[in-house]
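Worksheet: one structure, shown below.
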Amino acid sequence: MKLFRSLNSTRIIIIGSFIGALTMGGLVYAQKQKLAELDERLRPSGAPQLVAELQTRALELANLQRLADREQFKQRDDAEYYMRSVASHNYVNIGTVDTVRSDNERRQGAIDTIITIKPPRGGKNAYTRDQISNFLYKLEADSRRVRVTRIAIRPESGQRARPHEVGGDRWTFDIDATIRQPKE
Amino acid sequence: MARSCGIRLGQRHASLVLLDGSAKRPKLRAHLEVETPVGGEDPLDALADALKSAVRSSKLKLADAEIRLAIDSGLAAFRPLSLPFADKAKIEEVLKFEIESRLPQWDIEDVICDFHVRRATPVESDLMVVAVRKADLAARIGVATRAGLEPHDAEIEASALFEAARHGALLATDAAQLLVHVGERTTTLVVAEGGRLASIRALQLDLLGAPQDAPVPAEGEPDDLATAAPLPANVAAPERRRIVAERLARELLRTLSAGQREFAIAAVYVCGTHLPELVEFDAQGNATGPHAVIADVPLAPLDALREAAPELALAERLRLVPAFGAALHGLGANGLTPHLRREDLRYAGKFERLEVPLGVLGLFLLTLTTALYIVDYKVVQARELDLGAWIRSNDNYLLGSTTNDTRGRLPLAPDAIKNYSRAIAQGPDGDLERTRFEQLERLRGLIASEIGRLENELGTRTEIEPPQSALEALTAALDVIHGMGEQLGRFAIREVVRAEYRPGTAGAPDSVSIVLNMTFWGDLEATRAYNDLMNELERQPWVTAVARRATNTLEGGGGIYVDGLGIDIDTKKIPPPSRASEGAL
């Protein structure tokens, strides 16, 4: 009460202006902090770099989207079905193949699913080089997950020529396609 | 009807005046005087007892009277003081602080300060400060209280003297007057100029030769009589009175001849103890005696009670002047407004003097901070716009611009990315929870999330290195053979015995091992071609080993053949094929 009794207009102005100045000082400080942060953000290492990185990542995403469109063998698909579908592709035209699946932990922490692909036993087993090379190419080209890890190409059975002879350019094959994935 | 009782307490003498009526027309209802002899008990105790007895014997009824006490001026110190304001409340707040350095003989907490305004304008005031030790005042109030006359307020003789002279119309507004009260111990000199108080002095001129308290030194007057050597106690009374009269006359002369006054002193009014060695007045107030005229200024009686108590003798009226002046204050006379019974003066001053500068400083700071805030706000707005430009530019890059009809680099963006990018490109309201920079970071997060989802979908998101491709290794080896062209002459790859991935071991990295069976036709050219092929393969940085095999001559000659030609390849070292050499089915 004594305080209020001693208040006069000058003192009210002093108290009010100092409280106001302190409040405004706090706001100015906060504004300065915000301004400093914005200046920092606008430096070349701030927003410009972030936007550049963002656009690079966008291009990476666009590329991945294109790959996803082209991907024939997705994670949820059956590997042997994928191999057979490639063998039946118009540009390959190998037709039915025999597949044998095995799993092998050749690398620590990873499981290699190895699909051994051969022409069908007892069926047609002679192919042109184009057919075999297209088959191998499409196995890898249509999927980022598949690697052809073993190739054996021999003249068709029964047509094996001697070293000085030229064969009939009909070939048979025996390949492994490997899908490596982390061990669960 | 208002009643007022004024008491003047000296060293050995006390007088009391009871008035009623108004301050303009007071009536003297009673008066009494007591005096105690020199020596014996404590003079104040004796005075209290004598006063008490006198009041009792006179049967004064003072219950409803305003009692005012006038004390010996010699107990007070008088200091002029100028302040840069005239507000009374503010003056009271700073008074002690301002006067402290001017009273080195006393602790400021031990004194009571009063003030009289000599001149004042709205922006400054000229004061006469009166300081009295609390103990001295309390002792005098105690004397009155013991006599059953507890005063409602107290003052010094000088202010009572001034009020009495004012009541007696002795203070002309166009002249200066010197008011003199001769006390038994202290003689009070009051100079009035133009009807206003100008100065007060208290002279220690002991008429009684009694032991005294230490005199209060006056400021800036080393030659003052107050500091002159007191008369020895054994000086005979007549001689003492003569010496005192001489000293007082000299002091009056000095006061009259002092300069620096607006008006010259036109009259000297004397009251108090009868001192014929100085001046004597007849019933008509005519002055006679050795000092009836000093410096051409005649001495006159300060006969303030002339109208209020014409029945009293002049000498008696002159002794009652200070008590009369104090009683006038009790009736509301306000020539001066003495107020010594105050204990609540604060010791303050610095803040009051700093009030205006502080107010200006506060307003300046408020203005400055407000201006800074506005300026910074504008700059922040501009920076936000700059960041917004980056966001819009990014949106145009990703999704294209409808205004410029350009396609974006991310035409198949999922809805989450598309909607968010569009929303924040419209303005900060697109995401109120984030700053503009955080909005960009959020967009980056959305894109990274979609990349992660697609990598999971494609099965490529793994830290595990994929096996090396036997197809890639075989293609690279065949590409070298193809590239040698005519240099190899006629040759045939009779069989790809194997091209097989070999996982690395502790000492060796992953690789692909290729084994070929080949035939080279020609005589010498065949061997050279074989050697050239080996050399060419060995030159390739991605070929880690070439297993040269012994060659055999074809049946019937005409060439050589080699079985089990081994080539080890590290496909990680194969440079990526140029786009032109990439094939597609």
Next on the checklist: Consider segment B:555-572. How many of its residues are in contact with a Phe, Trp or Tyr (Cβ under 8 Å, 6 or more places away or on another chain), buried (at least 18 other Cβ atoms within 10 Å of the Cβ) and within 14 Å of another protein chain (Cβ to nearest Cβ)?
Outcome noted: 6
Next on the checklist: Given the criteria crowded, with 19+ Cβ neighbours inside 10 Å, facing chain A (nearest Cβ under 9 Å) and more than 17 Å from A:Ala52 (Cβ to Cβ), does B:Leu443 qualify?
Outcome noted: no
Item to check | Search result, residues across segment B:498-518 that are under 17 Å from A:Ala110 (Cα atoms), of a type outside the set (Ser, Thr, Tyr) and not in a strand (DSSP E or B) | outcome: B:Pro503, B:Gly504, B:Ala506, B:Pro509, B:Asp510
Next on the checklist: From the list B:Thr402, B:Thr475, B:Thr435, exactly one residue is away from chain A (no Cβ under 11 Å) and not aliphatic (A, V, I, L, M). Which is it?
Outcome noted: B:Thr402
Checklist entry - Which residue out of B:Ala131, B:Ala144, B:Ala160, B:Ala138 is in contact with a Phe, Trp or Tyr (Cβ under 8 Å, 6 or more places away or on another chain) and assigned to a helix (DSSP H, G or I)? => result B:Ala160
Checklist entry - Considering A:Arg11, A:Arg5, A:Arg57, A:Arg43, which residue is within 9 Å of another protein chain (Cβ to nearest Cβ) and either touching a Phe, Trp or Tyr at 6+ places or on another chain (Cβ under 6 Å) or modelled with pLDDT under 90 (or both)? => result A:Arg11
Checklist entry - Any residue in segment A:108-124 that is surrounded by fewer than 18 Cβ atoms within 10 Å (Cβ to Cβ) and at the interface with chain B (Cβ under 9 Å from one of its Cβ atoms)? => result yes
Checklist outcome for this item: Only one of B:Gly285, B:Gly335 is farther than 22 Å from B:Ala14 by Cα and touching a residue at least 60 places away in the same chain (Cβ under 8 Å), namely B:Gly335
Checklist entry - In the set A:Val28, A:Val92, A:Val51, A:Val97, which member is in contact with a Phe, Trp or Tyr (Cβ under 9 Å, 6 or more places away or on another chain), among the β-branched types (Val, Ile, Thr) and more than 9 Å from every other protein chain (Cβ to nearest Cβ)? => result A:Val97
Item to check | Check on A:Leu35, free of Cβ contacts under 8 Å to residues at least 24 places away in the same chain, facing chain B (nearest Cβ under 9 Å) and surrounded by 14 or more Cβ atoms within 10 Å (Cβ to Cβ) | outcome: yes
Next on the checklist: Going residue by residue through segment A:145-158, is there one that turns out to be touching a Pro at 6+ places or on another chain (Cβ under 9 Å), within 7 Å of chain B (Cβ to nearest Cβ) and not charged (D, E, K, R)?
Outcome noted: yes
Item to check | Residues located in segment A:128-140, provided they are more than 7 Å from every other protein chain (Cβ to nearest Cβ) and not aromatic (Phe, Trp, Tyr) | outcome: A:Thr128, A:Arg129, A:Asp130, A:Gln131, A:Ile132, A:Ser133, A:Leu139
Item to check | Members of segment B:32-59 found to be modelled with pLDDT of 85 or more and of a type in the set (D, E, K, R), listed by number | outcome: B:Glu33, B:Glu35, B:Asp45, B:Asp49, B:Lys52, B:Arg56
Next on the checklist: Tell me whether segment B:471-488 contains one or more residues that are assigned to a loop (DSSP other than H, G, I, E, B) and out of contact with any helix residue (DSSP H, G or I) (no Cβ under 6 Å at 6 or more places or on another chain).
Outcome noted: no
Checklist entry - So which of B:Ile112, B:Ile7 ends up being assigned to a strand (DSSP E or B), among the aliphatic types (A, V, I, L, M), in contact with a Pro (Cβ under 8 Å, 6 or more places away or on another chain) and under 25 Å from B:Arg201 (Cβ atoms)? => result B:Ile7
Checklist entry - What are the pairs, 6+ residues apart or on separate chains, where a residue within segment B:1-29 that is at positive phi has its Cβ under 6 Å from a residue that is modelled with pLDDT of 90 or more and assigned to a loop (DSSP other than H, G, I, E, B)? => result none
Checklist entry - Just wondering, is there one or more residues in segment B:376-390 that are over 30 Å from A:Gly26 (Cα atoms) and free of Cβ contacts under 8 Å to residues at least 24 places away in the same chain? => result no
Checklist outcome for this item: Restricted to segment A:116-149 and to residues being assigned to a loop (DSSP other than H, G, I, E, B) and small (Gly, Ala, Ser), the residue modelled with the highest pLDDT is A:Ala126
Checklist entry - Counting residues that are among the aromatic types (Phe, Trp, Tyr), which helices (runs of 4 or more DSSP H) fully inside segment B:226-343 reach at least 1? => result B:321-330
Checklist entry - Checking A:Asn104 against (1) touching a strand residue (DSSP E or B) at 6+ places or on another chain (Cβ under 9 Å); (2) touching a residue at least 24 places away in the same chain (Cβ under 8 Å), which test does it fail? => result (2)
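The values are calculated or read from the model by the stated rules, or taken from the named source; none is laboratory data. In this text the structure is predicted, and so the values were computed from the model without any measurement. With ideal geometry, Cβ positions are generated from the backbone for all residues, glycine too; neighbour counts draw on all protein chains shown.
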